[in-house]
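Here's the structure we're looking at; comments come further down.
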Ligand code: ADP
Ligand code: ZN
């Protein structure tokens, strides 16, 4: 394969990528890097980060180096680049000796456009030394939040990358991430020696994702109801534990929903097979622990479900962000309950991390709880945590679609707190509710709690409602679980003004599980569905032949655009967004033939 000849970015955008124009801040980033500047790019998933480094890498003379943490990610990126006629390669432990020697030949002959490489491999002294003798166009550091020790994806190899500044003076470096929190931004700048880099921050809003957050009642039933509205679509269901993953996947299969498990304890072979099945066009639902996800760039994931509370707002945002990268409607569901909340807090407080880190983690989890319990727009609440202001409610979350009622819970909250204090803050929710409802259980009698003034004062609410109230008080940080006492509830300082009657409490009324409207299937709605199917089958055939995921050949959006344009000539096909020179050459005739056969 030959190199792409250096050209102006606008030109390559059209001829190589088949795109009409830039999106968001892409153009600014590209010009800045073209001019030799360093950059830190923060863009949500699906925002179009890749183009920000691919274009300057191709337009500037020399080899572009892309540091990437995951082999799977590299493999798909390289496959996609080669489809565009770009001479890209990945150096990692998974390639054959033959591929390796071909890459070396290309490297020595300065024939390579892009080299994807894992950080630990790049930083091998001999290899680095070798690269410093070549002309390097840019260095891109993808998933740059991996330098953050407080994040979920920390990789110590990333810390070595700071040395790149000294090794390649004058070569622009660009760090990219979809992680939105402020802490990561600071760490990326410091730890990658990007002090002088310009920071490009895009809005983190993902308007095509509809957020649903519902208290966990009967999780399997709730999951099935949700999946009914997403039949035949691609999606991920996250569970907290490996057992839950196995059980949920099995249960879905017995309900006739094709589902495969994914977690760290499966053999690498099975994991890879299940991931590949998921990446395929009509793949199964993937039930996974968070071991699955980073580097999955499947664009047409239509839903993401969390069966348990994620560890932080960032984790929630990242994981739900895997839905709808193609910009088409996608939907997420989060089920959460008191148990989750207690478990998560325990995981953090019992962890090995230093106190300072635990405090940050707790605050990130509390941010998520705030989003769960808000009666307002979910999107506004999420973006607010990233320092962004969405002026109007979004109209595309459960709170906006079915506004939650709030009620004045001041008196009930006082009764709940009083029940806790009167019993010495040594009991869990179940027992406290018994006290409030005036249940004469053996435990109540044994502790003499039937003699308390709070005994039986809470008959205005039923058991479920009291449980909800405790959960909501916990989410607001009014009460905490004391893990040294087996989950006993204790009041925090914020409880005092409530108890004294100085502060009102308004809580969200728990809404019943709503029946979701079927999210419009990717693109079929507006266009010619039958033709779209014909093209999909053609794409599946090509993908199978080349042993790559279907979206590497064409995205759904491109197929939909072809189905709409119904081009009758190669020239007309070349005008369709998503069709660059290389894809036109490779598949143009085939696509036209498929269209002709479908009587277009
Ligand atoms: P990220 O890495 O930020 O998650 P990608 O770089 O994978 O996002 O891009 C997401 C999707 O957006 C891809 O399908 C890509 O082809 C598309 N895309 C990127 N830039 C543009 C653009 N300027 N115009 C149209 N589509 C674009
Ligand atoms: Zn909203």
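Going by the structure shown, is residue 28 over 23 Å from residue 202 (Cα atoms), in a helix (DSSP H, G or I) and either at pLDDT 95 or above or more than 16 Å from ligand 2 (Cβ to nearest atom) (or both)?
no
Among the residues of the stretch 182-216, those identified as under 20 Å from residue 157 (Cβ atoms) and in a loop (DSSP other than H, G, I, E, B) are 192, 193, 194. In this structure, does residue 36 turn out to be farther than 30 Å from residue 327 by Cβ and either modelled with pLDDT of 95 or more or part of a loop (DSSP other than H, G, I, E, B) (or both)? Judged against the criteria, residue 36 is a match. Tallying residues that are without any contact (Cβ under 8 Å) to a residue 24 or more places away in the chain and either within 20 Å of residue 364 (Cα to Cα) or in contact with a strand residue (DSSP E or B) (Cβ under 8 Å, 6 or more places away or on another chain) (or both) within the stretch 126-156 yields 1.
Only one entry in 312, 363 is modelled with pLDDT of 85 or more and more than 16 Å from ligand 1 (Cβ to nearest atom), namely 312. Residues in the stretch 41-66 that are assigned to a strand (DSSP E or B) and within 14 Å of ligand 1 (Cβ to nearest atom): 41, 42, 66.
For the stretch 80-100, check the following and say yes or no: at least one residue is at pLDDT below 95, in the same structural domain as residue 172 (by TED's automatic domain parsing), within 22 Å of the chain's Cα centre (by Cα) and assigned to a helix (DSSP H, G or I). The answer is yes; a qualifying residue exists. Here the helices (runs of 4 or more DSSP H) wholly within the stretch 291-404 that include at least 2 residues being within 16 Å of ligand 2 (Cβ to nearest atom) and under 19 Å from residue 241 (Cα atoms) are 313-320. Counting only residues that are surrounded by fewer than 16 Cβ atoms within 10 Å (Cβ to Cβ) and farther than 19 Å from residue 551 by Cβ, the stretch 583-599 holds 6 of them. For the stretch 101-112, the tally of residues that are out of contact with any strand residue (DSSP E or B) (no Cβ under 6 Å at 6 or more places or on another chain), assigned to a loop (DSSP other than H, G, I, E, B) and surrounded by 17 or more Cβ atoms within 10 Å (Cβ to Cβ) stands at 0.
Among the residues of the stretch 503-513, not a single one is farther than 27 Å from residue 401 by Cβ, modelled with pLDDT under 90, under 34 Å from the mean Cα position of the chain (by Cα) and not in a strand (DSSP E or B).
The values are calculated or read from the model by the stated rules, or taken from the named source; none is laboratory data. As the structure is a prediction and not an experimental result, all values here were calculated from the model. Glycine also receives a Cβ, built like all others from the backbone with ideal geometry; neighbour counts cover every protein chain displayed.
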